[in-house]
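A.B. asks: The structure that follows is given in the form of structure tokens.
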Amino acid sequence: MTETKIDNKKNEMKIIKEKRLDSCKINCLELIKYKNKDYIVIGLNESYSKKSIIEIYDSINLELIGRNDTDLEYDEINYISKMYNQNLLVCGSKLRIFTFYFENLKLNMKLVQLEEYPKIDNKYNRMRIKRFTKAFVLDRNLYRDPEDKISSLEGEILINESLGIYIYKRKKKENNEINEEGNLSINYLEKSEDINELNINDYAEKWNSSPYKFNEQVSSTVNFDVIQINYRYLAVTRPFGNLCILDIETKNLITIFEVKSSVDADRVIFMLNKYIICVGGDDGLSLISIKDYDVPLLYVIKPKFKVTEICIMDEFNVLITMRSGSSYNYKEYLLHYKLIPEKDNISNKMLFKAIQVSSELTSKRRSNLTMASIDRNKFVCIIENKIIQIREIN
């Protein structure tokens, strides 16, 4: 498909705020919402101490409002994700769950659970370096019809690592309450409540009585990025440029889409809407319809460059990071594309075309540009593992 371009000078990704952190390496990024405010969470390693640290910043002025450097030691964290209530999932060689709360106008974090690798004995487990690469809460009602929605009796976390996808569950509680509709309510720890300096210890004690524990293994194959696409299925990138659809319940491989997919990145798959998967890989961007089981867009962005991350904004805006593979002539780009849906009159299916809105060379150094959406036209990005930027798209 040919590329349509518009005037980049009028559509630059404007930098609103910037903060540089010296003597450290920022490894991961997440956005959290608390009391109707957005906060930026980063995981970093100090250069002089090698210690891992979590820091939380205000998303408007980049003011540091929270920091934890006591519960991570030297375990380099590589992924942070938001849970329900005021909890964070933190991935490294161990899985940690933190609860954040305000105390004396500062956002504090308390470690409420620390999990080792599941005890699955096989030759591959003994031979490899073990690291959790991604974790998120499973939503058993994601895109489920309203009349078919179920009551979740226990929390579930999906965890990915190099040779496995696992599900961790809470043990069932016998005192589940009955809600107004006559159904069992969710676990009491998952109810919305304000956690503060007065009740944080009680909350941690309740958590300790019902922690997440390994329940089952969904996959034992090499996996890279993984997302949940609806209440039953996962989309997974695997070697040889494939995107696979897995059934959470049966553990079976449903289908394989032969599209370009990155094999060394953990933020290259997102849902564009209920039926369309957006995946980046190698030098291209692909859209996959799980309704029609076809590929409405297969688009080469920048030959000889590799997509390392994508970020979905509102109104079919997609941010893409790409870098060259040469260590002698390194370049990293941040690109903004607009995806335009078009109905094909012959097949009666929805197709897409890609419009390049802007392109920017962000670095000529070894880097790992990562992004997260703040609102409909603002996003945060990390440049050269040191610089935090709040940017705006038109």
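A.B. asks: Would you say residue 69 is modelled with pLDDT under 95 and either surrounded by fewer than 14 Cβ atoms within 10 Å (Cβ to Cβ) or touching a helix residue (DSSP H, G or I) at 6+ places or on another chain (Cβ under 8 Å) (or both)?
C.D. replies: For residue 69, the condition - modelled with pLDDT under 95 and either surrounded by fewer than 14 Cβ atoms within 10 Å (Cβ to Cβ) or touching a helix residue (DSSP H, G or I) at 6+ places or on another chain (Cβ under 8 Å) (or both) - is not met.
A.B. asks: Sticking with this structure for a sec: Restricting to region 200-219, name every residue that is of a type in the set (A, V, I, L, M, F, W, C) and farther than 14 Å from residue 86 by Cα.
C.D. replies: Answer for region 200-219, where residues must be of a type in the set (A, V, I, L, M, F, W, C) and farther than 14 Å from residue 86 by Cα: 214, 218.
A.B. asks: Looking at 60, 42, 56, 65 in this structure, which one is more than 19 Å from the chain's Cα centre (by Cα), of a type outside the set (Lys, Arg), closer than 22 Å to residue 375 by Cα and part of a strand (DSSP E or B)?
C.D. replies: 65
A.B. asks: Of everything in region 39-50 that's surrounded by fewer than 17 Cβ atoms within 10 Å (Cβ to Cβ) and touching a strand residue (DSSP E or B) at 6+ places or on another chain (Cβ under 7 Å), which residue is modelled with the highest pLDDT?
C.D. replies: For region 39-50, the residue satisfying everything is 46.
A.B. asks: Which of the residues belonging to region 267-293 are charged (D, E, K, R) and buried (at least 21 other Cβ atoms within 10 Å of the Cβ)?
C.D. replies: 267
A.B. asks: What number of residues within region 155-184 are modelled with pLDDT under 85 and in a loop (DSSP other than H, G, I, E, B)?
C.D. replies: Residues flagged as modelled with pLDDT under 85 and in a loop (DSSP other than H, G, I, E, B) within region 155-184 amount to 14.
A.B. asks: Now, a different point. Please go through region 305-351 and give me each residue that is exposed (fewer than 14 other Cβ atoms within 10 Å of the Cβ) and either among the aromatic types (Phe, Trp, Tyr) or within 26 Å of the chain's Cα centre (by Cα) (or both), ordered by number.
C.D. replies: Across region 305-351, the qualifying residues are 314, 315, 325, 328, 340.
The values are calculated or read from the model by the stated rules, or taken from the named source; none is laboratory data. All of these numbers come straight from a predicted model, not from anything done at the bench. Counting neighbours? That spans all protein chains shown, and the Cβs are built from the backbone with ideal geometry, glycine included.
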